[in-house]
Amino acid sequence: MPQLHEQLRACGVVGAGGGGFPTDIKAQSKVEFMIANGAECEPLLHKDLELMVHFPSQIVDGMKLMMEAVNAPTGKFGLKSKNLPAIQAIGPRLKGSAIEMVQLGDFYPSGDEYELVYTATGRLIPPAGIPLQVGCIVSNVETLYNAFQASQGIPVTRKFLSVTGAVKHPKSVWAPVGITFRELIALAGGPTIDDYGIFISGLMMGTLTFDPDEVVTKTTGGIIVLPRDHYTVQRRARPLADMNRIGKSACDQCSYCTEFCPRYLLGYDVQPHKVMRSLGFTTTGADVWNQSAELCCLCGLCTLYACPEDLFPKEACDQSKKAMRAAGTKYVQTKPVQVHPMKEGRRVPLSMLRKRLKVEQYECDSHYDPTEIHPTSVRIKVQQHAGKPATPVVKVGDRVNIGSLVAEAAQGTSANIHSSIDGTVRNISDKGIEIQA
């Protein structure tokens, strides 16, 4: 019988929480703690809650399989204490096991793996490190569901996600990989406004598109429809040059962006206010201050919550990290990681964050709709994961079935890709493999 990591690779399982790291690589590690991430911190998205409520057995069984694979004697299941239906669904299935439930507060971003590892184990990941360095592996609850499915020989062909925001009937569904956002919005009753933008996988860490023909991938956590003139859409759509110009002229170095930074409060040398200084200095100055962005996790809290002047420190950090990498410069934190004494007092409640984002009116349940979705065609990307793109193994005119391998993982870090519908391959391009039902 194949080992779990072989089943995971064959079935194309990757981090479903957004990172897309191939899970078969994690399954070959040896750790002390296996941590399930059910925190779900992005405002308006509730798909992990729905998944835990409706598929608890598969998630817990997947976690047990991962624990066995990585020889982890202890499991930690992180989820928010406010999500009582999930606690009631998951809790009984942990009895008699080595898995302990870790209840989290309703704060952003309690699902950050640095934060979750610390909360669950009391351990602090080394600066720029990974959970493995402190004996932990973290997997999103949907990834664990997919791990269980892989153990049954079922590949990843669909994605569990929420469709919410300015739609008539917000819901969570199993969406075939490669289906368009346009079709999902229609399934949610259509938009409630004519002109809108679509946030992919979250308002804070997701991306913004105005193209409803974008397609679902293995890492799509949800789509949030908002009016085109909404505060968050306007903020995200602003040209980068404008963000920099405004920051250069208006930043008064109040340091709120740093004081609210979750990584800074954990003890990492992330100081967005210093990075903002680089916008107004010479190249030499930028080299100095940009180093304070190296350990930023790009959670967006500084830009969308902390800054009283609506500036863009997160975007400045993002540019700084790219500039540092292009220059071959890597900052190494030398001081020990030590949790800030004000950490607990500076947590940001989701309710306050929603108000700051002006999305409180869109907060609602997005209950699971079990209706099967049968698109007439899909466009399946060959790059849906961290690492190298998969290589197509089909040609135009080939007949495929749900679960058929259509693109094979490259050597190294990569993942297999499978068809999400029965049909015929109509086109293969750099945009993906198009299959007609």
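The values are calculated or read from the model by the stated rules, or taken from the named source; none is laboratory data. Because the structure is predicted, anything quoted here is derived from the model rather than measured. Reconstructed Cβ throughout: ideal geometry from the backbone, glycine too, with neighbour counts over all protein chains shown.
Take residue 49 and decide whether it is on the phi < 0 side of the Ramachandran plot, without any contact (Cβ under 8 Å) to a residue 40 or more places away in the chain and under 18 Å from the mean Cα position of the chain (by Cα).
On the way: on the phi < 0 side of the Ramachandran plot: yes; without any contact (Cβ under 8 Å) to a residue 40 or more places away in the chain: yes; under 18 Å from the mean Cα position of the chain (by Cα): yes.
Answer is yes for this residue.
Run down 241, 250 and say which single residue is without any contact (Cβ under 8 Å) to a residue 12 or more places away in the chain and either assigned by TED's automatic domain parsing to the domain that holds residue 126 or hydrophobic (A, V, I, L, M, F, W, C) (or both). Break it down into steps so the answer makes sense when it comes.
Details: 250 fails: without any contact (Cβ under 8 Å) to a residue 12 or more places away in the chain.
Only one candidate passes the filter, namely 241.
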Discussion item. Condition check: under 30 Å from residue 335 (Cβ atoms) and not acidic (Asp, Glu). Does residue 161 satisfy that?
Written reply: no
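Among the listed residues 47, 26, which satisfies the condition of being farther than 13 Å from residue 144 by Cα, basic (Lys, Arg), crowded, with 24+ Cβ neighbours inside 10 Å and in contact with a Ser or Thr (Cβ under 9 Å, 6 or more places away or on another chain)? Explain how you work it out, then say what you get.
Values: 26 fails: farther than 13 Å from residue 144 by Cα.
Just a single option satisfies the conditions, and that option is 47.
I'd like the residue in segment 358-376 that is polar (S, T, N, Q) and touching a residue at least 12 places away in the same chain (Cβ under 8 Å) and, out of all such residues, is farthest from residue 83 (Cα to Cα).
First pass over segment 358-376, keeping only residues polar (S, T, N, Q): 361, 366, 371, 376.
If we keep only those that are touching a residue at least 12 places away in the same chain (Cβ under 8 Å) as well, we get 366, 371, 376.
Values: 366: 13, 371: 24, 376: 36 Å.
Among those residues, the one meeting the criterion is 376.
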Fill in: Residue that is farther than 22 Å from residue 351 by Cβ and touching a Ser or Thr at 6+ places or on another chain (Cβ under 9 Å), where the choices are 241, 250, 306, 293
293
Practice prompt. Within segment 24-75, count every residue that is over 27 Å from residue 162 (Cα atoms) and among the aromatic types (Phe, Trp, Tyr).
Written response: 1
Fill in: Residues that are assigned to a loop (DSSP other than H, G, I, E, B) and either in contact with a His (Cβ under 9 Å, 6 or more places away or on another chain) or not assigned by TED's automatic domain parsing to the domain that holds residue 310 (or both), drawn from segment 253-267
253, 254, 255, 267
Discussion item. Return the pair list, or none, for Cβ contacts closer than 8 Å from residues in segment 104-124 that are free of Cβ contacts under 8 Å to residues at least 40 places away in the same chain and within 19 Å of residue 350 (Cα to Cα) to residues that are acidic (Asp, Glu) and crowded, with 22+ Cβ neighbours inside 10 Å, at least 6 apart or on different chains.
Written reply: none
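Name every residue in segment 141-154 that is surrounded by fewer than 24 Cβ atoms within 10 Å (Cβ to Cβ) and assigned to a helix (DSSP H, G or I), in order of residue number.
Across segment 141-154, the qualifying residues are 148, 149, 151.
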Item to complete: Tell me the strands (runs of 3 or more DSSP E) entirely within segment 374-432 that contain at least 1 residues that are more than 16 Å from residue 10 (Cα to Cα), among the basic types (Lys, Arg) and touching a Lys or Arg at 6+ places or on another chain (Cβ under 9 Å).
Response: 377-380
Item to complete: Among what's in segment 78-97 and is surrounded by 13 or more Cβ atoms within 10 Å (Cβ to Cβ) and among the hydrophobic types (A, V, I, L, M, F, W, C), pick the residue that is nearest to residue 50 (Cα to Cα).
Response: 86
Response to the item:
Sole miss for residue 105 among (1) under 22 Å from residue 299 (Cα atoms); (2) surrounded by 22 or more Cβ atoms within 10 Å (Cβ to Cβ) is condition (2)
Response to the item:
If we ask which residues in segment 215-262 are under 30 Å from residue 144 (Cα atoms), touching a Lys or Arg at 6+ places or on another chain (Cβ under 8 Å) and of a type outside the set (S, T, N, Q), their number turns out to be 5
Discussion item. Can you tell me how many residues within segment 83-111 are closer than 21 Å to residue 353 by Cα and among the acidic types (Asp, Glu)?
Written reply: 1
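Do you know which of the residues in segment 279-324 that are charged (D, E, K, R) and at pLDDT 85 or above is nearest to residue 357 (Cα to Cα)? Let's see the steps before the verdict.
Filtering segment 279-324 down to residues charged (D, E, K, R) leaves 287, 294, 309-310, 314-315, 318, 321-322.
Now narrow it down to the ones that are at pLDDT 85 or above: 294, 309-310, 314-315, 318, 321-322.
Numbers: 294: 26, 309: 14, 310: 11, 314: 15, 315: 17, 318: 21, 321: 26, 322: 27 Å.
For segment 279-324, the residue satisfying everything is 310.
Each row is one residue, and each column tells you yes or no for (1) within 24 Å of residue 230 (Cβ to Cβ); (2) in contact (Cβ under 8 Å) with a residue 60 or more places away in the chain; (3) among the polar types (S, T, N, Q).
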{"site": "315", "(1), (2), (3)": "yes, yes, no"}
{"site": "320", "(1), (2), (3)": "no, no, yes"}
{"site": "327", "(1), (2), (3)": "no, no, no"}
{"site": "336", "(1), (2), (3)": "no, yes, no"}
{"site": "347", "(1), (2), (3)": "no, yes, no"}
{"site": "350", "(1), (2), (3)": "yes, yes, no"}
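Taking the condition basic (Lys, Arg) and over 25 Å from the mean Cα position of the chain (by Cα), does residue 381 pass? Give the steps one after another, and end with the answer.
Details: basic (Lys, Arg): yes; over 25 Å from the mean Cα position of the chain (by Cα): no.
It is false that residue 381 is basic (Lys, Arg) and over 25 Å from the mean Cα position of the chain (by Cα).
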Practice prompt. Being among the hydrophobic types (A, V, I, L, M, F, W, C), modelled with pLDDT of 95 or more and crowded, with 20+ Cβ neighbours inside 10 Å is the filter; apply it to segment 251-278 and report the residue that is farthest from residue 333 (Cα to Cα).
Written response: 257
Practice prompt. Show the residue pairs that are 6+ apart or on different chains and have beta-carbon atoms under 7 Å apart, the first residue being within segment 23-43 and under 13 Å from residue 138 (Cα atoms), the second being at pLDDT below 95 and among the small types (Gly, Ala, Ser).
Written response: 37/17; 37/111; 39/110; 39/111
Worksheet item: Are any residues in segment 245-262 under 15 Å from residue 317 (Cβ atoms) and touching an Asp or Glu at 6+ places or on another chain (Cβ under 8 Å), and if so, which ones?
Response: 251, 262
Item to complete: Mind listing whichever residues of segment 1-59 are of a type in the set (Lys, Arg) and under 25 Å from residue 73 (Cα atoms)?
Response: 9, 26, 30
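Quick one: would you say residue 322 is among the basic types (Lys, Arg) and outside any helix (DSSP H, G or I)?
On the way: among the basic types (Lys, Arg): yes; outside any helix (DSSP H, G or I): no.
Spelling it out, it is not the case that residue 322 is among the basic types (Lys, Arg) and outside any helix (DSSP H, G or I).
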